[in-house]
Amino acid sequence: MVKICCIGAGYVGGPSMAVIALKCPAIEVAVVDVSRPRIDAWNSDRLPVLEPGLDAVVRACRGRNLSFSADVDRHVADADIVFVSVNTPTKARGLGAGRAADLAYWESAARVVAAASRSGKNKIVVEKSAVPVRTAEAMERMLLAHSGGGGATFQVLSNPEFFSEGTAVRDLLCPDRVLIGGRDTDAGRSAVRALRDVYAHWVPEDRIVTTSLCSAELSKLAANALLAQRVSSVNAISALCEATGADVSDVARAVGWDDRVGDGFLNAGVGFGGSSFQKDVLRLAYACECNGLPEAADYWRQVVAVNEYQKSRFVRRVVSSMFNTVAGKKVAVLGFAFKKGVGDTRESPAVDVCRGLLGDRAHVSVYDPAVSEKQIRRDTASPAAAKAQAHQQVLVARDAYEAAEGAHGLCVLTDWDEFRTLDYRRIFDGMQRPAFVFDGRGVVDVGKVREIGFVVYSVGKPLDPWLKGLPAVA
Ligand code: NAI
């Protein structure tokens, strides 16, 4: 029986291994993590990751050929194929701070694999984390340095994950493509074949693409950078739409009809979020910088700069619309996750918008169907504000109506479907006058809510007459 072990039981490791276990009953899959609470959660009825369909997949395989364990060393030593799916955040300090990857978790995982060389078992090591280009080479070097006495051999492959949070299970079951990068040597090709055989249990052969190690690593960064760049492009257009009276939805639709452009990822909004986009764009820029390509680095950095601009433009719009002051005013925030269908708040624009409003001394009242109060408080906490004061300034509501009760303004920051069908008349009745809606996700029917009596701002849409008279904010 082939044994697979995955180091890192996070958003990627958990779902991707659960699907392998589901589709390959003859393969034993162990997902390991240094975080005991994470492992306990995977072994409980409340999984640590919210993904439609995931509960059913885990239930079908856990205890059969899928296990979650904190015994990292043992499972790594036993495995034929080791996936490395640990977090690779951006460095907070030191060389390359704010741009380069912090590879501390990756290195600690690599060292565990290297130590397992003592077991003498040959292994295929699969890089699943999004890593800087040529990280696989570094892994090879480290494994080589350790394997001297053990007699084990390693082949390192790159197999980046392309699923989208919120549709992870669907994407894993029917991927657009599976990318495997490996060495063009006999041993390298044989390792690629072994991993290919795993995916071939359910992925059509023509969707399993093989490349060099380096190309596979760069493809992951390039894919995220291109997606983020589309969002920033349409968001830059949205600012011009507001200034000229054009409607960004009409522009995006008209442009998207062109096959060469396509219509995906052209929704204007308050900005992109999630753990990957900003990080991978910055990483790509840093790689350009390190390879003596400053113009290319500047180009990619601008994608992130426009995203920052879009978030601060939104906050400025809220403040300027409400008579240039939100101090002491209650502002309802609907949606805190970075997108609908997930409970993940990493790099969520809602975090920055809330911090911006809190900085202007607003009281924010947040409702999100999938994010816990603890998480909202952690994300909005400011080192500068005293704990008691911060607690007072942030309220966490049980539903949208409670969040909006007595509020001066309401911001929609996540595209949850339930925000499309709210009773906006009821919300309006409970709010202060004038009552403002600031739609950062294009979910509100602008005509309808304006008719109710709201002053409405929706990113990239023609401005409400109320807002037109105000000083420009762009
Ligand atoms: P995560 O933070 O949810 O999970 C990583 C896990 O690795 C954590 O539970 C951590 O405790 C564990 N870990 C760290 N070092 C360890 C070690 N030495 N031994 C054992 N466990 C260790 O991260 P997530 O979101 O799963 O991302 C993993 C990688 O996949 C990142 O490189 C990310 O860029 C990439 N990725 C993420 C996607 C997403 O949608 N979240 C999509 C595609 C790729």
Worksheet, complete the sentence: Ser44 passes all but one of the listed conditions (1) assigned to a loop (DSSP other than H, G, I, E, B); (2) under 18 Å from Lys128 (Cα atoms); (3) over 20 Å from the mean Cα position of the chain (by Cα); the exception is number (2)
Worksheet entry | Options Leu172, Leu157; residue that is modelled with pLDDT of 95 or more and assigned to a helix (DSSP H, G or I) | Leu172
Practice prompt. Determine, yes or no, whether Arg93 is outside any loop (DSSP other than H, G, I, E, B) and either within 8 Å of the ligand (Cβ to nearest atom) or not polar (S, T, N, Q) (or both).
Written response: no
Practice prompt. Run down Ala168, Ala187 and say which single residue is more than 16 Å from the ligand (Cβ to nearest atom) and either more than 18 Å from the chain's Cα centre (by Cα) or assigned by the TED database to the domain that holds Asn122 (or both).
Written response: Ala187
Worksheet, complete the sentence: When segment 153-165 is checked residue by residue, the ones that are of a type outside the set (Phe, Trp, Tyr) and surrounded by 20 or more Cβ atoms within 10 Å (Cβ to Cβ) are Gln155, Val156, Leu157, Ser158, Asn159, Pro160, Glu161, Glu165
Worksheet item: Are there any pairs with C-beta distances below 6 angstrom linking a residue in segment 277-289 that is in a helix (DSSP H, G or I) to a residue that is at pLDDT 95 or above and basic (Lys, Arg), with the two at least 6 apart or on different chains, and if so which?
Response: Ala285/Arg301
Item to complete: Only residues that are part of a helix (DSSP H, G or I), at pLDDT below 90 and of a type in the set (D, E, K, R): list them for segment 107-139, please.
Response: Arg118
Worksheet item: If you check Arg253 against the conditions, is it under 30 Å from Gly469 (Cα atoms) and either assigned by the TED database to the domain that holds Ser458 or away from the ligand (no atom under 16 Å from the Cβ) (or both)?
Response: yes
Worksheet item: Only one of (1) surrounded by 19 or more Cβ atoms within 10 Å (Cβ to Cβ); (2) of a type in the set (Gly, Ala, Ser); (3) more than 20 Å from Glu402 (Cα to Cα) fails for Ala381. Which number is that?
Response: (1)
Discussion item. Taking the condition of being hydrophobic (A, V, I, L, M, F, W, C), part of a loop (DSSP other than H, G, I, E, B) and under 29 Å from the mean Cα position of the chain (by Cα), how many residues in segment 443-459 meet it?
Written reply: 3
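The values are calculated or read from the model by the stated rules, or taken from the named source; none is laboratory data. Quantities reported herein were computed from a predicted structural model and do not represent experimental measurements. Using ideal geometry, Cβ is built from the backbone for each residue, glycine included, and neighbour counts are taken over all protein chains shown.
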